[in-house]
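Engineer: Sharing a structure with you now.
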Amino acid sequence: TLLDFLSTYKGPRNLAQGKGWTLPAFSWFIDQTIGGAVATNTHGSSLQHGSLSDQVVSFQVIVANGTLVDISRESHPHLMRAMRVHLGRLGIVTQMTMKIIPQTSVRRTLEELDWVSYVTRMKRIQEEYKEALQTGSHRAVKKSLEPLWDTQIQYHPALGQVWWADYERLEDASPYASAFDGPGAAAAVTNVFNQDYFGGTPPSFLMATVNSAQFWNNWFQGVIRGNFASGTYPQRRAYVSLTDGQNRMHAMNPYDQYEVSIPLETAGDCLEELGHAMYGPYALYSGTRTPFLTRFVKGEDGYLSNTNGGPRMYMNLEDFVLYSTGRRNAAFQGIMNLFRTSSNCKARLHWGKAGWIEHGQCFNGAKEYPNSWCDFGCAAQELDPTRKFEAVADFWQFGATKAGRDYDLLTPEGYMACCSPEGFKHAHCQCVERAPCT
């Protein structure tokens with residue numbers, strides 16, 4: 001709804017000269033609420049514009065005491081970094097202002113690679129990126145990442161095939177607009193808040209009986225091939241996303257969607273190790289049914305952004321076996337285990353997708369987000385001191401030490417010792433990992 005509205009939106013001064021507007025980068029699945037997408041760090045593929053969370057200019061939030069607070073980089077820089085990926089932990093978002101850009105023509109170019117060529121290319125980019133980092137030159141780093149600047153990849157595991165789609169924007173500009181600027185505010189919007197109840201997708205007999213990963217990889221490849229065709233398109237249609245019809249077809253079979261993000265410093269090495277597990281004795285490709293959507297997102301300053309600390313490669317993968325067969329998909333979970341445990345991958349889980357029960361047990365925020373976890377804890381105590389918005393998950397633990405004394409940041413004493421309006425006092429306190437759990 002938002003993307004279609006923006007595509008014909010003129011605004012008070014028609015800055016796009018009748019061409020309409022779009023989000024700078026948006027997700028593969030576009031049938032989701034913008035509030036939830038921002039809260040969980042949903043993303044497209046852009047080393048320039050980043051995730052949807054990074055495209056927010058300001059938030060209006062009702063915090064625990066009922067106060068309505070306007071938060072932006074200018075007014076509350078620390079709280080803004082926490083709000084970017086807030087997971088519903090900090091309050092109720094009532095309004096967001098997001099960055100939009102004029103819709104322009106985009107040239108999409110598709111290249112088909114085999115697995116070995118893909119891994120070789122990614123290892124070369126990885127090494128060039130690491131060398132550029134050593135120079136300390138922003139220009140050198142940007143140049144090393146040019147091959148991934150606007151790129152989406154579909155990896156078809158059971159076929160050993162890779163579709164590499166590059167995008168070239170033919171124009172660019174970056175003004176801002178509020179969600180309620182212009183005539184759209186008064187337009188009749190139907191069925192947005194009156195959605196049909198969805199009781200879930202029943203098990204699929206076909207998915208349960210056809211166990212060939214090659215069959216399903218070929219089938220899904222046929223469904224989306226047109227989405228990746230080379231050509232020049234309006235920006236709204238150029239960046240690959242599922243159509244409503246494709247999404248309905250996709251959802252005919254029940255599935256869980258997982259996603260991991262991997263540092264670009266080790267992305268090529270991770271893919272090389274993945275290949276050994278996929279095509280070696282364990283044949284982990286046998287647990288796949290759909291292609292792995294691979295995208296690249298710039299480093300962001302949001303405390304809980306997956307790319308806090310530097311740009312990452314995201315891999316989106318889906319388990320279609322579990323719900324139709326009733327059996328754990330051991331090969332698929334082997335892939336996920338490799339991502340989470342391998343020193344070559346160092347994968348973080350996507351906040352809004354599956355995998356937390358099996359691969360996020362005893363989640364250790366201070367270990368996975370060492371430079372920002374306790375900053376988020378300080379923001380949580382500031383905005384929600386009564387823990388009104390704390391979820392049932394047990395990983396909201398923010399411990400710190402100062403002068404040999406332990407503190408819980410979610411207490412007034414801990415906040416006073418190690419937090420300030422600017423965030424966690426890194427110079428005086430140390431953010432500590434949670435105790436081991438079983």
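Engineer: Find the centroid of the Cα atoms in segment 132-162 and in segment 99-126, then give the distance between the two in whole Å.
Structural biologist: First find each Cα centre; the distance between them is then 8 Å.
Engineer: Here's another thing I want to ask about it. Give me the one-decimal nm value for the distance between modelled label points at ASP70 and THR201, 7 Å along each residue's Cα-to-Cβ direction.
Structural biologist: With each label placed 7 Å out from Cα toward Cβ, I get 4.3 nm.
Engineer: Another question, then. So if each residue of separation counts as 0.36 nm, and I subtract the Cα-Cα distance between LEU133 and ARG328, what length gain in nm does that give?
Structural biologist: Gain on extension, LEU133 to ARG328, equals 66.0 nm.
Engineer: Report P(r) for segment 335-438: all Cα-Cα distances, bin width 5 Å, range 0 to the bin holding the largest distance, values in whole percent.
Structural biologist: Pair shares across the bins are 2, 12, 21, 22, 18, 12, 9, 4, 0.
Engineer: How big is segment 248-400 on each of its three principal axes, counting only the C-alpha atoms and giving the largest first in Å?
Structural biologist: 49, 34, 28
Engineer: Cα gyration tensor of segment 1-136, axes a ≥ b ≥ c as square roots of the eigenvalues: rounded (a/c below 1.5), prolate (a/b > b/c) or oblate? Can you show the working numbers first?
Structural biologist: Values: a/c = 2.14, a/b = 1.39, b/c = 1.54.
Oblate is the answer for segment 1-136, as a/c is 1.5 or above yet b/c matches or exceeds a/b.
Engineer: Using the C-alpha gyration tensor of segment 275-325, what are the square roots of 5 times its eigenvalues, in whole angstrom, with the largest one first?
Structural biologist: Working: eigenvalues 168, 44, 16 Å².
The equivalent ellipsoid of segment 275-325 has semi-axes of 29, 15, 9 Å.
Engineer: With every protein chain present, what is the per residue accessible area of the chain (1.4 Å probe, Å²)? Mind showing how you got there, number by number?
Structural biologist: Working: 20040 Å² over 438 residues.
On a per-residue basis, the chain sits at 46 Å².
Engineer: Which residues make up the longest stretch of the chain clear of chymotrypsin sites (Phe, Trp or Tyr not before Pro) that lie in a DSSP loop with no more than 10 other Cβ atoms within 10 Å, not counting the sites? Present the calculation step by step, with values, prior to reporting the outcome.
Structural biologist: Working: sites that count: PHE180, PHE193, TYR197, PHE198.
Formally, the longest exposed-site-free interval is 199-438.
Engineer: How much of the accessible area of segment 215-340, in percent, comes from carbon and sulfur atoms when a 1.4 Å probe is used? Could you put the intermediate results ahead of the total?
Structural biologist: On the way: 2300 of 4260 Å².
The C+S portion of the solvent-accessible surface of segment 215-340 is 54 percent.
Engineer: I would also like to ask the following. With charges only on Cβ, +1 for K and R and -1 for D and E, what is the dipole size of the chain about its Cα centre, in debye, rounded to 20? Mind dumping the intermediate values first?
Structural biologist: Values: 39 positive and 42 negative charges, 77 e Å.
Dipole magnitude for the chain comes out near 380 debye.
Engineer: Let me ask another. Grab the beta carbon distance between GLU390 and ASN218, set R0 = 51 Å, and tell me the FRET efficiency rounded to 0.05. Don't skip to the answer; put the middle values down first.
Structural biologist: On the way: r = 46 Å, r/R0 = 0.90.
It comes to 0.65.
Engineer: For the chain, state the average projected area of the convex hull of the C-alpha atoms over all orientations, rounded to one decimal in nm². Mind dumping the intermediate values first?
Structural biologist: Details: hull surface 90.4 nm².
Reported value for the Cα convex hull: 22.6 nm².
Engineer: Additional query: Run a plain Debye calculation on segment 281-371 (Cα atoms as equal point scatterers, no solvent) and give log10 I(q)/I(0) at q = 0.23 Å⁻¹, rounded to two decimals, same order as the q list.
Structural biologist: Once normalised to I(0) and log-transformed, intensities are -1.34.
Engineer: Shifting gears a bit: So what does VAL57 come to for accessible area, using a 1.4 Å probe and Å² rounded to 10?
Structural biologist: 50
The values are calculated or read from the model by the stated rules, or taken from the named source; none is laboratory data. Note that the structure is predicted; figures quoted are calculated from it, not measured. Cβ: placed from backbone, ideal geometry, glycine included. Neighbour counts: every protein chain shown. Keep in mind that these areas ignore ligands, DNA and RNA; they rest on the heavy atoms of the full protein, side chains included. Shrake-Rupley method; radii C 1.70, N 1.55, O 1.52, S 1.80 Å.
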